[in-house]
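Colleague: Got a structure for you, written out below as structure tokens; questions coming shortly.
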Ligand SMILES: Nc1ncnc2c1ncn2[C@@H]1O[C@H](COP(=O)(O)OP(=O)(O)OP(=O)(O)O)[C@@H](O)[C@H]1O
Ligand SMILES: [Mg+2]
């Protein structure tokens, strides 16, 4: 196998983050890697824990992580609802939904209080993984909601009727800290922050943390930062390792032990409109999102 293939996590390649599991050595984040056991099947479903996938920086892996963490949790028998909360609709398209053709989306749920979320939920090809799609209509919501009473709590109200039917709800936020993202943070129990392993990864994180603190203070006291997820990691470069080290120095145990390697399998899976867990089921990158799902459950941040 070439070093490229090894780094891409070909079927025999070691997954970054699993090396230490056998030897008790440091994982890719520099800390000893705990074992994350396969979770026991659930006997019943709900109430859901709501997690906002959030970073106002663009292109850091929010949508990719929402799709693949969701699919991995569903593989473990969890009932998962994904909320596309970005007018770009990348989450919907990434799961094979022709979002631009839809008449009813998350937008209608936000601005028409009489709508029932059940009308808008779609099943995906992955069993146990459902989605509320979005398209460009959502871009009008921000302006329309500004004049509403309790305008930050609209998404929380929209989600309430289905919380008993799901174990986890993942909200794919748009790259902004505007009213839609504040709605996601107000509805959520936790925030998962994907951070791309590149030099300016931490730029803007202080503002994100400040926004989370404001929402916790004023709107949603239960909100917590569930974890920081290092994405697009390349273990061959000192640079990626340095970035992860500085993120761990800053955020300590909030950083997930699981890191997501940079691989072309992700854009490939997006083109195929499938989660990586089915598109390239045995690839290291699919296993990484399964490990993230197990880590989240082991940390008590998902059922
Ligand atoms: N681990 C990875 N390795 C390689 N490419 C990746 C990885 N994760 C995501 N990508 C690719 O990077 C691009 C951006 O990823 P993604 O859409 O998940 O980011 P995002 O944070 O949701 O972006 P936006 O802020 O625009 O919503 C996509 O083309 C995706 O396929
Ligand atoms: Mg996105």
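The values are calculated or read from the model by the stated rules, or taken from the named source; none is laboratory data. Keep in mind the model is a prediction, meaning the values are calculated, not measured. When we count neighbours, we look across all protein chains shown, and the Cβ atoms used for this are built from the backbone with ideal geometry, even at glycine.
Colleague: What's the total number of residues in the stretch 274-303 that are out of contact with any helix residue (DSSP H, G or I) (no Cβ under 6 Å at 6 or more places or on another chain) and within 16 Å of ligand 1 (Cβ to nearest atom)?
Modeller: The number of residues fulfilling the criteria is 6.
Colleague: What do you reckon, is residue 191 more than 16 Å from ligand 1 (Cβ to nearest atom) and either part of a helix (DSSP H, G or I) or in contact with a helix residue (DSSP H, G or I) (Cβ under 7 Å, 6 or more places away or on another chain) (or both)? Steps first, answer last, please.
Modeller: Numbers: more than 16 Å from ligand 1 (Cβ to nearest atom): no; either part of a helix (DSSP H, G or I) or in contact with a helix residue (DSSP H, G or I) (Cβ under 7 Å, 6 or more places away or on another chain) (or both): yes.
When the stated conditions are applied, residue 191 does not pass them.
Colleague: So, one more: Can you tell me which residues in the stretch 194-211 are within 16 Å of ligand 1 (Cβ to nearest atom) and either part of a loop (DSSP other than H, G, I, E, B) or more than 30 Å from residue 238 (Cβ to Cβ) (or both)?
Modeller: If the condition is that a residue be within 16 Å of ligand 1 (Cβ to nearest atom) and either part of a loop (DSSP other than H, G, I, E, B) or more than 30 Å from residue 238 (Cβ to Cβ) (or both), then 197, 198, 200, 201, 202, 203, 204, 211 are the ones that fit.
Colleague: Does residue 292 satisfy the criteria of being within 20 Å of residue 170 (Cα to Cα) and part of a helix (DSSP H, G or I)?
Modeller: yes
Colleague: Right, another one. State all residues of the stretch 256-273 that are more than 8 Å from ligand 1 (Cβ to nearest atom), surrounded by fewer than 19 Cβ atoms within 10 Å (Cβ to Cβ) and part of a loop (DSSP other than H, G, I, E, B); if no residue qualifies, say none.
Modeller: Listed by number, the residues that qualify are 272, 273.
Colleague: Take the conditions under 21 Å from the mean Cα position of the chain (by Cα) and either modelled with pLDDT under 95 or in a strand (DSSP E or B) (or both) and apply them to residue 73. Does it pass?
Modeller: Working: under 21 Å from the mean Cα position of the chain (by Cα): yes; either modelled with pLDDT under 95 or in a strand (DSSP E or B) (or both): no.
Against the criterion (under 21 Å from the mean Cα position of the chain (by Cα) and either modelled with pLDDT under 95 or in a strand (DSSP E or B) (or both)), residue 73 does not qualify.
Colleague: When the residues of the stretch 23-60 are filtered to those that are in a loop (DSSP other than H, G, I, E, B), within 16 Å of ligand 1 (Cβ to nearest atom) and touching a helix residue (DSSP H, G or I) at 6+ places or on another chain (Cβ under 8 Å), which remaining residue is farthest from residue 221 (Cα to Cα)?
Modeller: Restricting to residues being in a loop (DSSP other than H, G, I, E, B), within 16 Å of ligand 1 (Cβ to nearest atom) and touching a helix residue (DSSP H, G or I) at 6+ places or on another chain (Cβ under 8 Å), the top hit is 28.
Colleague: Also: Are any of the residues in the stretch 245-253 exposed (fewer than 14 other Cβ atoms within 10 Å of the Cβ), free of Cβ contacts under 8 Å to residues at least 24 places away in the same chain, in contact with a helix residue (DSSP H, G or I) (Cβ under 9 Å, 6 or more places away or on another chain) and in a helix (DSSP H, G or I)?
Modeller: Scanning the stretch 245-253 turns up no residue that is exposed (fewer than 14 other Cβ atoms within 10 Å of the Cβ), free of Cβ contacts under 8 Å to residues at least 24 places away in the same chain, in contact with a helix residue (DSSP H, G or I) (Cβ under 9 Å, 6 or more places away or on another chain) and in a helix (DSSP H, G or I).
Colleague: In the set 191, 132, 120, 158, which member is buried (at least 17 other Cβ atoms within 10 Å of the Cβ) and farther than 13 Å from residue 110 by Cβ?
Modeller: 191
Colleague: Do any residues in the stretch 21-33 that are over 14 Å from residue 256 (Cα atoms) have Cβ atoms under 7 Å from those of residues that are modelled with pLDDT under 90 and assigned to a helix (DSSP H, G or I), where the two are at least six apart or on different chains, and which pairs are they?
Modeller: Close Cβ pairs satisfying both conditions: 25/19.
Colleague: List, please: which pairs have Cβ atoms under 6 Å, are six or more places apart or on different chains, and start with a residue in the stretch 268-285 that is within 14 Å of residue 127 (Cβ to Cβ) and end with one that is at pLDDT below 95 and within 12 Å of ligand 1 (Cβ to nearest atom)?
Modeller: From the stretch 268-285, no pairs qualify.
Colleague: Looking at the stretch 34-55, which of the residues that are within 16 Å of ligand 2 (Cβ to nearest atom) and under 22 Å from residue 105 (Cβ atoms) is surrounded by the fewest Cβ atoms within 10 Å (Cβ to Cβ)?
Modeller: The qualifying residue surrounded by the fewest Cβ atoms within 10 Å (Cβ to Cβ) is 51.
Colleague: Got a sec? Which of 96, 70 is under 29 Å from residue 39 (Cβ atoms) and surrounded by fewer than 20 Cβ atoms within 10 Å (Cβ to Cβ)?
Modeller: On inspection, the qualifying residue turns out to be 96.
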